[in-house]
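**Student:** Sharing a structure, written as structure tokens. Questions coming.
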Amino acid sequence: MEHMSIEARPRNAGVTKSELKRLRRMGHIPAAVFGRGMEPVLVTVDARALNRVLGSEAGVNTLIDLTLEGRRHLVRLTEVDLDPIARTFLHVGLHTIQRNEASKATVRIEIVGEPEDVHTGLALLEPGALSVEVKSLPEDLVPALTLDISDMKIGDVRHVSDLPIPERLELLSAPDTAIVSVRAKPAMVEEATEAADEASADASPAEDGAAAAG
């Protein structure tokens, strides 16, 4: 699993709202470091470093080597509070994790390939789950789980159980959760129905004639 290094600076609990706003404008984002067996520690972290973490392949699952007052902590982003309009950081939570302890995480699903029926315009992809819940040791976590849908045909559905899960990952999501399905375009369904109706209508006179001859 990918690692990134971030330095944190302590901050006082009594800082005013105006001071917090000033810190954010300077690129110093208020944060809290917390975990089992420790009191939460209030800090600030660099906004650019946070953007690098979220922009990486693993995103929030990136393992962060956090340096605080000369000590290093292994942490992961667990809370990201953004301004609803400006989409800038307001506050983040950094949870300490143990290298030898399994923990839960959300891993995104990466779809690759394109079914032939979709490529030719006969069908549409119907998306389902975008991620799955897993449990693993920190270093065994993967950035994403890849599902190849190239061989899917109309009517096919791929479920969580179809994902290639590495041996060291424990799947927590329900195996029967749908990830993606392929369905015929509505126009194609209508044309197929009309064709069936016409075939049925064409067959009726012939059947009537055969009955009369008998």
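Values quoted throughout were computed directly from the atomic coordinates according to the rules given, and no laboratory measurement underlies them. The shown structure was predicted, so the numbers you read here are calculated from the model rather than taken from an experiment. Virtual Cβ from ideal backbone geometry, glycine too; neighbours counted across all protein chains shown.
**Student:** Which whole-Hz couplings ³J(HN,Hα) result when phi for each residue of the range 102-113 is put into the Karplus expression 6.51 cos²θ - 1.76 cosθ + 1.60, θ = phi - 60°, listed in order with x for Gly and Pro?
**Tutor:** Each residue of the range 102-113 in turn: 6, 9, 7, 7, 9, 10, 6, 9, 10, 8, 10, x Hz.
**Student:** Counting Lys and Arg as +1 and Asp and Glu as -1, what is the net charge of the other residues whose Cβ lies under 14 Å from the Cβ of VAL60?
**Tutor:** -1
**Student:** Can you tell me what share of the DSSP beta bridges in the chain is antiparallel? A percent to the nearest 5 is fine.
**Tutor:** Details: 38 of 53 bridges.
Here the share of antiparallel DSSP bridges comes out near 70 percent.
**Student:** Using the Karplus curve 6.51 cos²θ - 1.76 cosθ + 1.60 with θ = phi - 60°, what ³J(HN,Hα) values do you get for each residue of the range 156-171, in whole Hz, with x for Gly and Pro?
**Tutor:** 6, 9, 10, 10, 4, 5, 8, 6, x, 9, x, 4, 8, 9, 9, 7
**Student:** Tilt of helix 186-213 relative to the longest C-alpha principal axis of the chain, in degrees (0 to 90, nearest 10)?
**Tutor:** Taking Cα atoms only, the helix is inclined about 20 degrees.
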